[in-house]
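Below you'll find the structure I mean.
Throughout, read-outs are computed from the coordinates displayed, never taken from laboratory work. Just so we're clear, the structure is a prediction, and the values are computed from it rather than from any experiment. Positions of Cβ are generated from backbone atoms using ideal geometry, with glycine treated the same way; all protein chains shown enter the neighbour counts.
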Amino acid sequence: MHASPEASVDDHGLADGSLCAGAHKGGPLRLFFALRPDEGVRAQLAHWSRELHAVCGGRPTREENLHLTLAFLGNVEDARVAEVERAADEVAPRVLTLVLDRPGYWKHNRIAWAGASTVPAGLDAFVAELRSALARSYIGFDPKGFVSHVTLLRDAREPKAMPALAPIEWRLAGFALVQSVSSPGGSRYEIRKSWQGRA
């Protein structure tokens with residue numbers, strides 16, 4: 001399931017709550033499923049971000065917020081969160097290795113990102129299973145094709161050339177349901193529940 005990167009909308013760019021039935025004025029939760037890097041991978045991604053910032057400018061993603069989105073749900077009523085979690089319980093996460101070796105830039109949303117030239121078939125299959133489980137439970141999500149990437153910079157300018165960057169080996173050992181919480185300092189991401197993978 002390899003969609004064209006140019007067709008991807010990054011990181012929760014829909015704010016109207018239309019992706020999930022049941023959004024209401026009482027304060028729906030903004031949720032997404034994601035892979036969260038460990039400390040070592042975050043540090044390497046932060047290095048990539050600094051190198052790209054030198055040629056792109058823009059606003060770096062805070063290191064603690066770095067992630068790879070699997071499915072973006074949008075606004076979800078608190079009463080439906082248990083249904084979301086039960087749907088994810090049906091999916092068995094796999095232990096895989098993803099090698100990030102491809103920095104990139106999208107003109108349409110001015111985002112610089114870290115991606116993989118080869119995505120493990122097991123990751124594509126896992127994302128398909130997760131999205132199928134959500135669909136069976138009538139839980140809405142952004143239907144755009146999965147594009148494995150980590151957003152590093154927003155409001156960036158197009159670089160004349162990408163810097164040479166050392167590949168990052170990322171061992172994927174689980175996934176998480178994450179809530180985006182607005183704060184004066186910008187959005188922060190809080191893990192609602194996590195699932196561990198098996199080999």
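Need one number: nm distance between label points at Ala46 and Tyr138, each 7 Å from Cα along Cα→Cβ, rounded to one decimal.
Going from the Ala46 label point to the Tyr138 one covers 4.5 nm.
Continuing with this model, one more query. Determine the calculated [θ] at 222 nm for the chain from helices alone, applying -39500 (n - 2.57) to every DSSP H run no shorter than 4 residues and normalising by the residue count; nearest 500 deg cm²/dmol. Show your work: numbers first, answer last.
Numbers: 3 runs with 43 residues, N = 199.
About -7000 deg cm²/dmol.
GNM on the chain, C-alpha springs below 10 Å: top fluctuator among Leu153, Leu165, Leu73?
Leu165
Who wins for biggest fluctuation among Ala166, Ala114, Ala133 in a Gaussian network model of the chain, springs between alpha carbons below 10 Å?
Maximum among the listed residues: Ala166.
Would you please give the FRET efficiency between Arg86 and Lys160, computed as 1/(1 + (r/R0)^6) with r the Cβ-Cβ distance and R0 = 45 Å, to the nearest 0.05? The partial results should precede the final answer.
Numbers: r = 49 Å, r/R0 = 1.09.
Taking R0 as 45 Å, the efficiency between Arg86 and Lys160 is 0.40.
Okay, next question. Treating only the Cβ of Lys, Arg, Asp and Glu as charged (+1, +1, -1, -1), what charge dipole size does the stretch 79-199 show about its Cα centre? Round to the nearest 20 debye.
Working: 17 positive and 12 negative charges, 52 e Å.
Dipole of the stretch 79-199, to the nearest 20 debye: 240 debye.
Further, regarding this structure: For Glu129 and Ser187 in one chain, what is 0.36 nm times their gap in residues minus the Cα-Cα distance, to one decimal in nm?
Details: separation 58, 0.36 × 58 = 20.88 nm, distance 2.84 nm.
Here the answer is 18.0 nm.
So if I place +1 on the C-beta of Lys and Arg and -1 on the C-beta of Asp and Glu, and nothing else carries charge, what would the dipole magnitude of the stretch 21-163 be about its Cα centre? I want it in debye, nearest 20.
Numbers: 19 positive and 17 negative charges, 122 e Å.
Dipole of the stretch 21-163, to the nearest 20 debye: 580 debye.
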